[in-house]
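Beneath this line is the structure, given in structure tokens, with notes to follow.
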Amino acid sequence: MLAYHRALRSTSARIALLLAGLLSLWFVSATLGWLVTDEFDSYGEALWIGFRHMLDPAALGEDQTAAERALGVFQVLVGLTFFVGLLFTIVEEVVGGWFDRLADVDPPVRARGHVLILGWDDLVMDVVEAVAASTAAHRDRPTIVVVGPSELRGRRRELADRLSSGADGLRAELVLRDLEDPDDLDVGAARDASRIMVIPSHRGEATAADAADLESIRVGMLLRARLEGGGAQPPRTPPVLLLFRRGRNVDAAWELFPANFDAVVVDRAIAGIVGLAITRPGFVDSLPGLGSADGPRLVTAPADDLVGRPFEELVGVMAGALPLGLVRDGPAGIEVDLPPPADAPVRAGDRVAVLTSGDGEVTRRPDAAQLPPPVPVPGEQQVGGHVHSILVLGWAITVEELLPDLARRAPQGMRITLLDTPERLQVAWRVLEPAADEVLSVTTRAGSPIDPATIAAALADTEAQVVFSPATLSAGSYDAADARALLAALHATRLSRGSGVAVIADLYAGRDVAVGGHGDERLHVVSRRHFMAGWLEHAVARPELAAAVQSFFGADGGRLAVRTFRPPDGAAVSFAAVYRGLLAEGAVPVGLRDGGAGARPVPSPETQVAPGDDLLVLLPPA
């Protein structure tokens with residue numbers, strides 16, 4: 001029965017059924033008329049009269065007897081039924097198809113000054129939720145328009161409900177349209193948008209990442225053509241942010257785009273962040289966006305009441321905050337001075353980039369601290385930290401971008417050991433072999449990266465100081481990849497207990513990030529989706545903060561160094577004195593770690609820095 005109903009869904013099947021019924025009833029009625037009545041001289045005459053009745057109801061006027069009229073009426077009704085059914089079938093096909101096509105075309109949105117997101121990925125919801133949260137107290141909250149592909153039409157109601165729920169009071173609209181031509185961008189009012197993001201879908205590793213990047217390039221070129229206008233339309237230059245999964249792809253295409261286009265490159269950003277965590281495991285909880293949820297945050301704070309004061313005095317004025325630099329609007333856009341000269345005055349309209357803990361609120365001290373004289377900070381400095389052996393549990397594309405990053409910042413002779421199955425190692429070695437040089441010693445080790453016995457043997461043989469467990473989509477899905485990476489990290493944490501080994505898990509979605517904030521403090525969990533959503537949220541709602549974050553981490557995180565405090569007189573000094581001493585040489589401290597209390601994110605001016613303590617220092621721009 002089910003197959004029967006499916007067969008009748010097509011127009012040709014319904015017409016064939018009607019025609020079969022017509023022919024059957026025509027032959028049956030003509031046969032009965034010839035056999036039962038004496039009105040026809042031959043069977044052929046009966047068929048012909050029946051055929052005329054079905055095609056022309058006026059033929060009833062030629063019937064003479066009651067039997068002829070009864071048979072004729074039946075045949076006329078059969079013909080009318082066929083032609084009416086045929087008419088309805090054709091009308092349904094034509095009109096229904098027209099309505100279907102009309103339903104597939106969403107009308108253009110009516111918006112101006114909105115944030116336009118082109119594409120659909122789980123990251124879109126993260127960005128919308130982050131923007132809603134960060135602008136909850138704002139009077140003028142942004143409008144967000146999302147243009148997704150037409151293939152999502154079957155899930156339209158579900159996605160619209162998710163968008164509305166995540167927007168939490170923001171005006172958020174979802175329209176579905178395949179972007180094939182610059183004019184298709186009018187469905188999202190691209191020329192009237194204040195900011196545009198391209199976030200193509202990504203459903204896999206390697207090849208799928210390349211396909212997503214190609215989609216970013218294609219949509220970016222459509223945007224360029226639409227925004228540049230032509231004819232009577234003047235060009236528009238709203239900031240456009242393209243999301244790329246792989247750095248090599250943005251390198252290949254970036255000359256195609258004008259100055260108002262910018263890129264967020266996932267693998268480079270995450271590799272830089274993970275590289276910081278790997279080479280400075282003792283400072284993970286001091287880095288914004290890497291530590292626990294209540295760890296330090298990089299924010300920008302208004303400074304209207306501080307206009308005219310030298311920057312070096314702000315450390316004694318701001319409570320619970322560590323001033324790092326100044327952010328202001330300049331002729332060419334947002335300017336970030338991170339860190340500025342010690343005597344640089346705060347100007348009207350400036351915002352101060354600070355590290356702060358807790359809810360991110362920056363207040364003033366009731367009594368400004370009396371700052372001690374600056375103290376020079378001699379001592380050992382290592383851009384790569386003190387890590388010499390790293391064990392990587394499984395091959396992932398993150399590792400491919402991480403290796404060049406480690407080569408730039410690693411101490412001489414750093415050893416990297418990759419543990420994975422022989423099949424995965426064959427793929428990995430094509431990248432690993434060229435990466436091995438005089439700085440990095442890269443070796444492979446065959447075995448299951450999630451087997452406890454194999455991990456224990458690798459820990460013992462490599463004498464690893466850091467274990468890195470990346471999520472890889474060879475596991476089949478985001479959730480499976482995260483589970484595999486986190487479980488491997490938990491095994492490594494348990495097996496290395498008491499040894500001081502730092503364990504870092506790199507997850508996609510990061511719904512299990514909270515695990516890193518409980519139990520063993522050596523376990524750190526980084527969520528790439530959480531970090532990228534925060535970065536994109538800054539670009540939407542707080543562009544001055546996005547500029548500060550980009551300056552802080554830099555293109556490759558190479559501005560952060562570890563310096564061990566070695567004063568000539570062997571005496572402890574206040575953090576404020578160290579802070580001023582580093583400012584004098586164009587650097588600024590962003591974290592402190594001592595052997596007793598461990599990491600001290602956002603230290604106060606009165607905190608004592610003892611000989612042998614490590615400082616995480618933001619170096620001046622190259």
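Of note:
- Residue among 177, 141 that is closer than 17 Å to residue 197 by Cα, touching a Ser or Thr at 6+ places or on another chain (Cβ under 8 Å) and not small (Gly, Ala, Ser): 177
- Taking (1) open to solvent by 10 Å² or more (accessible area, probe 1.4 Å); (2) at pLDDT below 85 in turn, residue 255 satisfies each apart from (2).
- Checking residue 161 against (1) at pLDDT 85 or above; (2) touching a Leu at 6+ places or on another chain (Cβ under 9 Å), the condition it does not meet: (2)
- Qualifying residue in the range 215-223 (condition: in contact (Cβ under 8 Å) with a residue 24 or more places away in the chain, of a type outside the set (Val, Ile, Thr) and touching a helix residue (DSSP H, G or I) at 6+ places or on another chain (Cβ under 6 Å)): yes
- Within the range 316-333, residues that are part of a loop (DSSP other than H, G, I, E, B) reach partners that are among the small types (Gly, Ala, Ser) with beta carbons closer than 6 Å, at six or more positions or on different chains, in the pairs 317/368.
- So residue 429, is it open to solvent by 10 Å² or more (accessible area, probe 1.4 Å), of a type in the set (A, V, I, L, M, F, W, C), in contact with a Ser or Thr (Cβ under 8 Å, 6 or more places away or on another chain) and at pLDDT 85 or above: no
- Residue that is modelled with the lowest pLDDT [pool: residues in the range 32-58 that are among the β-branched types (Val, Ile, Thr) and either more than 25 Å from residue 82 (Cα to Cα) or open to solvent by 70 Å² or more (accessible area, probe 1.4 Å) (or both)]: 36
- Cβ-Cβ distances below 7 Å connect no pair with a first residue in the range 542-553 that is closer than 18 Å to residue 115 by Cβ and modelled with pLDDT of 75 or more, a second residue that is acidic (Asp, Glu) and open to solvent by 10 Å² or more (accessible area, probe 1.4 Å), and a separation of six or more residues or different chains.
- Hits in the range 216-245 - residues which are farther than 20 Å from residue 539 by Cβ and of a type in the set (S, T, N, Q): 233
- The number of residues in the range 307-347 being surrounded by fewer than 21 Cβ atoms within 10 Å (Cβ to Cβ), farther than 18 Å from residue 581 by Cβ and either small (Gly, Ala, Ser) or at pLDDT 90 or above (or both) comes to 10.
- Which listed residue, of 563, 593, 529, 580, is over 35 Å from the mean Cα position of the chain (by Cα), at pLDDT 75 or above and either under 30 Å from residue 482 (Cα atoms) or not in a loop (DSSP other than H, G, I, E, B) (or both): 580
- Restricting the first member to the range 136-161 and to residues that are within 18 Å of residue 543 (Cβ to Cβ), and the second to residues that are open to solvent by 80 Å² or more (accessible area, probe 1.4 Å) and at pLDDT 85 or above, the beta-carbon pairs closer than 9 Å and six or more apart or on different chains are 141/171; 142/171; 143/112; 143/171; 144/171.
- Candidate set from the range 473-526 (those that are surrounded by fewer than 19 Cβ atoms within 10 Å (Cβ to Cβ) and among the basic types (Lys, Arg)); member that is modelled with the highest pLDDT: 494
- Within the range 577-605, tally of residues that are among the aliphatic types (A, V, I, L, M), surrounded by 20 or more Cβ atoms within 10 Å (Cβ to Cβ) and within 15 Å of residue 339 (Cβ to Cβ): 6
The values are calculated or read from the model by the stated rules, or taken from the named source; none is laboratory data. Only a predicted model underlies this, so the values are computations on that prediction, with no experimental measurement involved. All Cβ positions, glycine included, derive from the backbone under ideal geometry; neighbour counts span all protein chains shown. Areas reflect the complete protein model, heavy atoms only, side chains present, ligands, DNA and RNA absent. Shrake-Rupley method; radii C 1.70, N 1.55, O 1.52, S 1.80 Å.
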